[in-house]
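The values are calculated or read from the model by the stated rules, or taken from the named source; none is laboratory data. Please read all numbers here as calculations on a predicted model, not as lab measurements. Cβ atoms come from the backbone with ideal geometry, glycine included; neighbour counts cover every protein chain shown. Heavy atoms of the whole protein, side chains included, go into the accessibility calculation; ligands, DNA and RNA do not. Shrake-Rupley method; radii C 1.70, N 1.55, O 1.52, S 1.80 Å.
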Amino acid sequence: MSTPKPPPNVVFCGGGTVGSGFLQHLVALRDAGRCRLAGVLPSHLSEEREPLLAGLVAAHAVPLLSSLDDLLAIADLDLVLSAGNHKRFGAVHIRKARRGIINFHAAPLPRYRGSACPAFAILNNEISFGVTFHLIVDEDLDAGPILYVEHFPIGQNDTAGDIDRRCIEVGISAFIRCAEQILGGDAGNNCPHC
């Protein structure tokens, strides 16, 4: 009789509303035995800057990491999930997670790399926008293989702020739908939404 495979060991890196939404779902998956949550590396370490994330970490006894180099000490790290993350992964960090680093990007790749993408969408008179989940395979930002893109329409009177808020909503919703496939290594393959 074979030993059951343990659930994936995951680190979450990020913050803001989108990061808090992702972490809340990861905690629920951990509590259901679907993943192990090895730690959280917030985008900002102060509670004042990340009150939602800090509250989740404290309330659910999630280990708090203080730097990307803390990843290197985690045994059996399967996956790093990044959302609302402002830290740049180096080659040593990218190699650490067996299944890689999956980043949530609040814009449709490859067209909109970098930051302030909703503002550029307005300037470019786009009629739709979207969010992307992609692998980070090297130190080049927003350039790894795309796992999933979800588009949504831009309203005639939408501002960059409206688009940004919609990216957060769509991103959290997509993560909740696809989390088990993402954690299982099937993102982009077996998930009808990924």
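Couplings for region 116-131, taken from phi via the Karplus curve 6.51 cos²θ - 1.76 cosθ + 1.60 with θ = phi - 60°, read 6, 4, x, 5, 5, 4, 5, 4, 8, 6, 5, 9, 9, 9, x, 10 Hz in order; Gly and Pro are left as x. Axis of helix 160-184 versus longest Cα principal axis of the chain: the two differ by about 30°, to the nearest ten degrees.
Sorted largest first, the principal axis extents computed over the alpha-carbon atoms of the chain equal 57, 40, 31 Å. Looking at the chain alone, DSSP beta bridges between its own residues are antiparallel in about 45 percent of cases. Largest GNM mean-square fluctuation among Ala61, Ala83, Ala38, using the chain with Cα springs under 10 Å: Ala61.
So with the 1.4 Å probe, I'd like the accessible area per residue for region 103-194, rounded to whole Å².
That works out to 52 Å² for each residue.
Remark: region 58-67, residue by residue, has Karplus-estimated 3J(HN,Hα) of 5, 5, 10, 6, 8, x, 9, 9, 10, 7 Hz, where x stands for each Gly or Pro and the curve is 6.51 cos²θ - 1.76 cosθ + 1.60 at θ = phi - 60°.
Averaging the sequence gap over all C-alpha pairs within less than 8 Å and six or more residues apart, then dividing by the number of residues, gives the chain a relative contact order of 19 percent. As a calculated quantity, the FRET efficiency between Ala58 and Ser173 at R0 = 25 Å, using C-beta atoms, amounts to about 0.45.
The label-point distance for Asp69 and Asp138, in a model that sets each label 7 Å from Cα toward Cβ, rounds to 2.6 nm.
Within the accessible area of the chain, the carbon and sulfur atoms contribute 53%, probe 1.4 Å, all protein chains present. When the residues Glu150, Glu180, Glu48 are ordered by accessible surface, computed with a 1.4 Å probe over the protein chains alone, the sequence from largest down reads Glu48, Glu180, Glu150.
Given their separation in residues at 0.36 nm each and the Cα-Cα distance between them, Gln156 and Arg111 gain 14.1 nm when the chain is fully extended. For region 80-193, the alpha carbon convex hull comes to 91 Å³ per residue, rounded to a whole number.
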